[in-house]
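Peer 1: Below are the structure tokens for one structure; questions will follow.
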Amino acid sequence: MSRWLDVEVGTDEINLNTLPSNLALVDLQNDNEYKLLVGDFGRGEEMPKLKIFRGAMQMSDLVLPDLPLSVVGFYTSEAMPRPCPVIAIAMSSCIYIYRNMKLFYKYYLPSVEQNSCELEIWRQLIDPINHNEESIKGLTASLQAIPQKVLSKQSHNFLDLDFEQRIEYLEQLTELPVRKNVEIVCITTMKINSIDKHGVSCLIVGSEEGEIIILDPNTFTPMSVAKLCAVKNTPYQIVATGLYNVDYRLTVGTREKSVCLLKREWKEGQLLFSTDEHIVAIEVSPIDNSIFVICCNNTLSCYSKKGKKQWSIILEHRPVALTLVPIMHLGTTLVAVALASGHLHLYDGKSRRDIMFIKGVVSAMKFGQLGQEENVFVIVTANGNLMLKILKRTADFNAEASADVTIDNISSEKPWLIPKRSKLFLEQSARERENAIEMHETFQHELNRLRLLAAKTLLEVHIKSDNSIAVGALEPIRLTAEVEGLGPVFRVTLILENRSRSHAAAGLALLLLANENNYKLYSPYLKVPLLGPNTQLRLPTKVEEIFDENINPEVFLRGVTHEGGQRALLKVLLLKDGQRSPALAATVLMPSTDPIMIPYDTQTDTAFQ
């Protein structure tokens, strides 16, 4: 018996031509009824369109100016009432942002300068003196010698022409473009502060030049720009995990048979691992960040988050698509692999849990909520058919309920184990029914006390300015500290970061406070120079721990008990000209001095006599 319910979809009017990245399940009207968005290429002379499906029926479509590369939906605000999500569609070198299905904003990737060698060849090509077969043949050979990744789109189009067409093209060409547009390869989204499904997300863009750009969800300006790898790699698919303001990982599959990793505050990613054949698709497990990869050599492999291969299996046919199947009520996440033979396999690790047969080769597939159903498989075949499969609520994917064992056999062999109601449970239920009002009032009273305590703590922190991020006029300034050394002399590095993109910070100073009987400050007051926009400044200073003549033997055990107390606190205040109170403050817990580093004469004369 199948674990899935097939939904009849009319195939006469639906004729889709799309890619896996052009499928998106979005709650367009915020009514908890998810719609299916498909970026369709069209067939023949048909224009590209964004088609919207409500269940198995097409609601509407939107004509697109170019072929869609990827379609995503995300929220840009947490205001109440909650606004509808926006739709981002990547096309060529531009991202079209739609709000309420109307064009809201266009974001173009910054252009880059042309290759100098290529420009010099084009200067010779447009010269009428060189408009002969011998010269054009030699210049064309020089143009072909330049790596394909470096060549502009204009050069690629020129090389595809024959000799007569090249002459005609050069005669019509009057000037050379100094800069070229950067093509978008892939896009995805990532939550900023919360993993809630309505949380604000930022847009992540992968470019043909090997750069990863993270855009602000409100202004659509770059918040972070990083290169994918030291050696140029072209991203093919990006999978984002984590939160932008906390910590995140961008796992990127490239066209160069490799997978790269990019983390928070990295200016350049690193190569995680390479594969023997070209990568078809990748997915990342949300549980342990394991990376699943299908390649052209008919393999499904699993790598750890550090890039070490854990296992690999040989598939029966060539894999064409890959997606995760998270089933929340079962507490498991399966991996779905579509094969060129029409079979769809679901794996739990290396174990195959289910097999489905699709009438046709799968072109794209997506798993998630569609309409009111939470577990729906959306499948688009190569011949344009749309298929929907709904997971039955009685479906089970444990080891006993594998694809080779039917549900009837399991139910007949192993009955359900329903525990009996104990006497304690019955007494507790009766007590709750009799004292329901008193229990509710007690709970509300304790909840209000907890809220009051949290408000008092927040007010106290605000009054003391005991925080590491400034408020008010100095909101973009951040203060952190690093402590290095084994003691008794420590190196304390104070790090000031100006996160503003347009304003500089001036008139700042740092004041260090510590217990003078326990620590000696060599530079308690530091004048901060002008801090430019989006810059970071490191100010090192020296702090020495002082030991009394009558040293307490418990001092030598601080490294074991971790009990430094108030004497081990170092207060760092950021002062601003014209302000009486500190702009912000940070508290540094100084580490204990290693007993080996305490002077030998002090140990002998005091502690061990």
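The values are calculated or read from the model by the stated rules, or taken from the named source; none is laboratory data. Source: prediction; values computed, not measured. Ideal geometry is used to build each Cβ from the backbone, glycine not excepted, and the neighbour counts take in all protein chains shown. Keep in mind that these areas ignore ligands, DNA and RNA; they rest on the heavy atoms of the full protein, side chains included. Shrake-Rupley method; radii C 1.70, N 1.55, O 1.52, S 1.80 Å.
Peer 1: Kirkwood-based Rg over Rh for segment 319-399 (C-alpha set), two decimals?
Peer 2: We get a ratio of 0.94 for segment 319-399.
Peer 1: What accessible area per residue, rounded to a whole number of Å², is obtained for the chain using a probe radius of 1.4 Å?
Peer 2: On a per-residue basis, the chain sits at 56 Å².
Peer 1: Now a separate question. Size of segment 142-269 along its principal axes in angstrom, Cα-based, largest extent first?
Peer 2: Over segment 142-269, Cα extents along the principal axes are 60, 32, 22 Å.
Peer 1: When the C-alpha atoms of the chain are aligned to their principal axes, what extent does each axis show, in angstrom, from largest down?
Peer 2: 95, 89, 49
Peer 1: Then there is this: Please work out how much accessible surface LEU573 shows to a 1.4 Å probe, ignoring ligands, DNA and RNA, in Å² rounded to 10.
Peer 2: In the full protein context, LEU573 sits at about 20 Å².
Peer 1: Which percent of the Cα-Cα distances in segment 28-75 go past 12 Å?
Peer 2: Summing the P(r) tail past 12 Å for segment 28-75 gives 65 percent.
Peer 1: Sticking with this structure for a sec: Quick one: 3J(HN,Hα) in Hz for segment 511-519, Karplus 6.51/-1.76/1.60 with θ = phi - 60°, rounded, Gly and Pro as x.
Peer 2: 10, 9, 10, 8, 5, 5, 7, 10, 9
Peer 1: Sticking with this one: Pairs of alpha-carbon atoms within less than 8 angstrom and 6+ residues apart define the contacts here; what relative contact order does the chain have, in percent?
Peer 2: 8
Peer 1: Ok, one more. Using R₀ = 35 Å, calculate the FRET efficiency as 1/(1 + (r/R₀)^6) where r is the Cβ-Cβ separation of GLU164 and VAL112; round to 0.05.
Peer 2: Efficiency for this residue pair is about 0.65.
Peer 1: Leaving out ligands, DNA and RNA, what percent of the accessible area of the chain is carbon and sulfur, probe 1.4 Å?
Peer 2: On the chain, the fraction of accessible area on carbon and sulfur atoms equals 53 percent.
Peer 1: Right, next: At 222 nm, what helix-only mean residue ellipticity would the chain give, in deg cm²/dmol to the nearest 500, using -39500 (n - 2.57) for each DSSP H run of four or more?
Peer 2: -4500 deg cm²/dmol
Peer 1: Same structure again: Convert each backbone phi in segment 126-139 into a coupling constant with the Karplus relation 6.51 cos²θ - 1.76 cosθ + 1.60 (shift: θ = phi - 60°), then list the ³J(HN,Hα) values in order as whole Hz, x for Gly and Pro.
Peer 2: Using θ = phi - 60°, the values come out as 7, 6, x, 5, 8, 7, 9, 5, 5, 5, 5, 5, x, 5 Hz.
Peer 1: Further question: Please give, to one decimal in nm, the separation of the simple spin-label points placed at ASP396 and SER274, each 7 Å out from Cα toward the Cβ.
Peer 2: 4.7
Peer 1: Here's something else I'd like to know. Report the accessible area of SER312, computed with a 1.4 Å probe over the heavy atoms of all protein chains in place, in Å² rounded to the nearest 10.
Peer 2: Looks like 50 Å² after rounding.
Peer 1: Sticking with this one: If you place +1 on the Cβ of every Lys and Arg, -1 on the Cβ of every Asp and Glu, and leave all else neutral, what size is the dipole of segment 46-98 about its Cα centre, to the nearest 20 Debye?
Peer 2: That gives segment 46-98 a dipole magnitude of about 160 debye.
Peer 1: Go from 0 up to the bin containing the longest alpha carbon distance in segment 281-347, width 10 Å each, and give me the % of pairs per bin.
Peer 2: 21, 53, 24, 1
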